[in-house]
Structures are given as C-alpha cells and as structure tokens.
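Student: This is the structure I want to talk about, given as structure tokens.
The values are calculated or read from the model by the stated rules, or taken from the named source; none is laboratory data. In this text the structure is predicted, and so the values were computed from the model without any measurement. Here the Cβ is made from the backbone with ideal geometry for all residues, glycine too, and neighbour counts use every protein chain on show. Side chains included, ligands, DNA and RNA excluded: accessible areas come from the protein's heavy atoms. Shrake-Rupley method; radii C 1.70, N 1.55, O 1.52, S 1.80 Å.
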Amino acid sequence: MLLKPRLEEIRDRLIKMAELADLMIENAVKAIIEHNPEYLKVVDELEPQVDQMEVENETLIITTIARFQPEAKYLRMLVMDLFVNRDLERIGDHAENIKEQAERILTKPKLKEYVDLPVMTDIVINMVKDAVKSLETLDTELAREVISRDDKVDALHEQIIREIYTYMVEDPKNIKVGIRLITVSSNLERVADIATNLAEEVIYMKEGKMLRHQNLEQNEE
C-alpha cells in the first residue's frame with residue numbers, strides 16, 4: 001500500500017469524525033433551544049462512535065508512521081493529524097458535557113426564548129467545519145477566517161452570561177438553570193477555541209508561523 005492513499009484515508013476519517021462531532025454539538029444545543037429531549041438521543045448514539053474513531057485513527061496514524069517512515073513533509077502532516085484527532089475527540093467530550101447539562105435543564109420550565117445561543121452554536125459548528133476544511137486543503141485564508149470568528153463567539157458568550165445573570169438576580173429559582181446554561185455557553189466557547197487551534201496548526205503547517213507564540217509576544221509588549 002502506498003503512502004498517499006493512506007494519508008487520504010486518514011484525512012477522510014478525520015473529516016467524518018468532525019461531522020459527527022458537529023452533529024453532537026448541534027443536537028445537544030437544539031434540545032435546549034427547543035426544550036425537547038429527543039435530540040439528546042442523537043448525542044448518545046454518536047458519542048461512542050466518535051470515541052471509537054479517535055482510537056482507530058490514532059492507531060492508523062501511528063502504524064502509518066512506523067510502516068512508511070515518511071519524509072519530513074509527510075511526517076509533519078501525520079503528526080498534525082494526531083493533534084486534530086485528539087481535538088475532535090475533545091469536541092465530542094464538550095458535546096457530551098452540554099448533553100449532561102441539557103438533561104437537567106429540561107427538567108425545569110424553559111427559562112426564556114433563546115436568541116444568542118443558537119447564533120453562537122451556528123458560528124461554532126461552522127468554525128469546526130471550516131477549520132477541518134482548511135486542514136484538508138491547507139487553505140490558510142480560510143484558516144484565518146476561522147480564527148477571526150473567535151472574537152464573535154467570545155462576545156456572544158459574554159452577552160449570554162450577562163443576560164442569564166439578570167434572570168438569576170430577578171428570581172433565585174432561576175439560579176440552577178442559569179448556571180447550567182452558562183456552562184453550556186462555556187463549552188461552546190471552548191469548542192471555538194479548539195477550532196481556532198486547528199486553524200492555527202494549518203497556518204503553521206503551510207507558512208511555518210506559530211500564531212499563538214506571536215500573540216504571547218504581543219501581550220508581553
């Protein structure tokens with residue numbers, strides 16, 4: 001078996017894994033927005049699949065490195081695939097965390113009609129999709145677009161926290177649900193951070209620029 005077909009297989013598996021992780025996020029949040037626990041069944045079905053893919057992908061990548069002993073260019077790609085695989089599994093973990101919060105949120109009456117939460121979720125899901133797409137094509141322009149959206153997610157996260165706090169202050173009965181909703185938003189914000197990290201890896205792979213280090217240097221100045 002040749003190396004390039006194996007690399008393509010690994011990329012295809014990572015793309016599929018990203019799709020499943022996105023579906024988990026989408027359905028976990030949709031259960032809250034529509035106050036419908038049926039969506040949580042999708043998360044339960046997909047969670048073991050994502051975990052299994054993470055194990056299988058890691059094994060495939062490591063055995064590929066051992067068998068083909070690839071030159072530096074392909075070795076860097078395979079190492080990056082290992083990081084991507086790990087990050088996608090983490091996204092699945094965040095979806096599972098959101099599902100667990102949703103299960104408790106749905107035991108109470110709906111706090112409000114959610115406006116910012118679905119917007120935030122849509123941005124986060126598309127950040128993951130585009131981060132993986134930029135990885136597939138090594139499209140640094142798309143990767144930078146992904147990174148730029150992180151500020152919007154942070155702003156929405158802060159807005160959600162402020163709004164939920166007002167409901168908690170107005171009626172202490174809302175505190176438990178409010179805290180769980182803030183936890184949901186925090187998990188989405190972390191998924192956006194993961195997508196940003198993936199995009200930064202693409203830029204590093206293509207241009208040799210480590211954006212996270214540049215940001216640290218700018219903060220020190």
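Student: If only one of 100, 34, 38, 96 is open to solvent by less than 50 Å² (accessible area, probe 1.4 Å), closer than 30 Å to residue 179 by Cβ and of a type in the set (D, E, K, R), which one is it?
Tutor: When all the criteria are applied, what remains is 96.
Student: Still on this model: From the list 50, 79, pick out the single residue that is farther than 16 Å from residue 117 by Cβ, among the β-branched types (Val, Ile, Thr), part of a helix (DSSP H, G or I) and modelled with pLDDT of 95 or more.
Tutor: Only one candidate qualifies: 50.
Student: Just name the residue that is farthest from residue 6 (Cα to Cα) out of those in the range 103-122 that are in a helix (DSSP H, G or I) and open to solvent by 30 Å² or more (accessible area, probe 1.4 Å).
Tutor: Filtering first and then ranking leaves 104.
Student: Now for a different question. Given the options 136, 141, 113, name the one that is acidic (Asp, Glu) and at pLDDT 95 or above.
Tutor: Checking each option against the conditions leaves just 141.
Student: Here's something else I'd like to know. List pairs: first residue in the range 48-65 and under 15 Å from residue 19 (Cβ atoms), second residue of a type in the set (D, E, K, R) and in a helix (DSSP H, G or I) anywhere in the structure, Cβ distance under 6 angstrom, at least six positions apart or on different chains.
Tutor: Close Cβ pairs (under 6 Å, with a partner that is of a type in the set (D, E, K, R) and in a helix (DSSP H, G or I)) amount to 54/89; 57/13.
Student: Sticking with this structure for a sec: Considering the range 14-29 alone, what residues qualify as being open to solvent by 60 Å² or more (accessible area, probe 1.4 Å) and either closer than 18 Å to residue 187 by Cβ or touching a helix residue (DSSP H, G or I) at 6+ places or on another chain (Cβ under 7 Å) (or both)?
Tutor: Result: 23, 26.
Student: Quick check: anything in the range 52-71 over 27 Å from residue 137 (Cβ atoms), open to solvent by less than 10 Å² (accessible area, probe 1.4 Å) and out of contact with any Lys or Arg (no Cβ under 8 Å at 6 or more places or on another chain)?
Tutor: no
Student: Tell me which residues, restricted to the range 153-196, are polar (S, T, N, Q) and either farther than 22 Å from residue 91 by Cβ or surrounded by 20 or more Cβ atoms within 10 Å (Cβ to Cβ) (or both).
Tutor: 159, 166, 174, 185, 187, 196
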